[in-house]
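The values are calculated or read from the model by the stated rules, or taken from the named source; none is laboratory data. This is a predicted model, so every value here is computed, not measured. Every residue, glycine among them, receives a Cβ derived from its backbone with ideal geometry; neighbour counts consider all protein chains shown.
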């Protein structure tokens, strides 16, 4: 095979580049928004990263062999090998562009090994194609090619450098939380609820395959009364699999859990003409109204599913992202029925807006005296402003603790607090320390309260209140302390969040 001309090689590189972008481009052409178009790549990047983390030593050893082998092949590689290397380099550059965009929007430098791997592949390909770069300042007919060659090598080295110690296993590792397993195995069943016609008639296509249900998780062989937890999911993610770890952490400690699916993709009158306004923790989305109707229908249906030994006087209501805003609707529904009157915990995780509509406001005067709440935000949340949570704390008043989960990029894997910290797909060491540890204690507190175990109830309560124990996040393997949780009794008056006093979103 003859070596193609430089023009054809450039076209081959471009074809590889476009090939890498093909999936999101097709999804955009099919009408998906940017988030939907890049979501499959985001999930795939997460899967690749976990694979690289697990086998980082073997992969590092592979590239230690691959780099000299690629240099050895410089003078011996066939034209076909070089053509393949050019095309593969184009693909890698396309993947690198996607990674860069996702890193700016979501990853926030949490994924260290993926760009390192891309750098190694680029370096191997460049060595196969042209070997070690020539002096770019030396007179040559191929001066432009020489410059391009050395730029590619320098780019590869730049990509490799930040992650090489991590890939070699030389970086400090994050602390492993030794959290006790729950006492119970968990049985989970789903029950489709009747969607009100006023909602089903305006649903879109995005969630057409979702059978909207109430998932009921119960601790197996539990022979006594148990508290109840109600959990709501985030926007456009009604999938139970994304929250199964949250649900099982609660249920395995003796709490019955109802996971409520509600439709995100609804098109009420005015959905395409309204002007978004976000203020004081609320938004004027017209979508709130049909979603609230669906949530109420699911909650009413949930009542018919609860076993007799579920005591809803001891109650947890929580949600993630948009579901955290809507969990305030579920809370109002429960308080109206006098649920949670003995012990109530509210868990708002990475919360988005609650509705501004007057008939969807919560009556906080019904909140009982025995009340605790965590409003948790993540330092590197690029999806939701922290000001929503700040205003939710103001709404809930005394007993509501505002928590910011910090990012710590000291060792490897990096501990980066993103919007998805609470999702099962992102369950890592930071999630254990910053989220699941609190979830387990929340369930334990409710169970101890129901059982009248005053000693345990007091102990678990103290673990949920602002304290050194709550803020502690462990130590890196070299003994350096991980950045602690930041806690605020009244975040809106603090120097860190006083900007939320006059904050207006859009």
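From the list 57, 75, 70, which one is under 26 Å from residue 165 (Cβ atoms) and exposed (fewer than 13 other Cβ atoms within 10 Å of the Cβ)?
On inspection, the qualifying residue turns out to be 57.
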Quiz item: From the list 350, 376, 417, which one is touching a strand residue (DSSP E or B) at 6+ places or on another chain (Cβ under 7 Å) and free of Cβ contacts under 8 Å to residues at least 40 places away in the same chain?
Solution: 417
Quiz prompt | Qualifying positions in region 196-224 - farther than 21 Å from residue 290 by Cβ, assigned to a loop (DSSP other than H, G, I, E, B) and touching a helix residue (DSSP H, G or I) at 6+ places or on another chain (Cβ under 6 Å) | solution = none
Quiz prompt | Index of the failed condition, residue 445 passing every other in (1) within 30 Å of residue 56 (Cβ to Cβ); (2) part of a helix (DSSP H, G or I) | solution = (1)
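The rows are residues; the columns are (1) closer than 24 Å to residue 12 by Cα; (2) at pLDDT 90 or above.
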site	(1), (2)
70	yes, yes
73	yes, no
78	yes, no
85	yes, yes
91	yes, yes
100	yes, yes
104	no, no
Quiz prompt | Within region 140-184, tally of residues that are under 18 Å from residue 110 (Cα atoms), in contact with a helix residue (DSSP H, G or I) (Cβ under 8 Å, 6 or more places away or on another chain) and surrounded by 12 or more Cβ atoms within 10 Å (Cβ to Cβ) | solution = 11
Practice problem: Return yes when residue 100 is surrounded by 22 or more Cβ atoms within 10 Å (Cβ to Cβ), outside the structural domain of residue 420 (by TED's automatic domain parsing) and within 19 Å of residue 52 (Cβ to Cβ) and no when it is not. | Solution: no
Self-check item: Residues of region 455-483 that turn out to be part of a loop (DSSP other than H, G, I, E, B) and surrounded by fewer than 16 Cβ atoms within 10 Å (Cβ to Cβ), as a count
Solution: 8
Quiz item: Going through region 47-106 one residue at a time, which ones are under 30 Å from residue 382 (Cα atoms) and outside any helix (DSSP H, G or I)?
Solution: 55
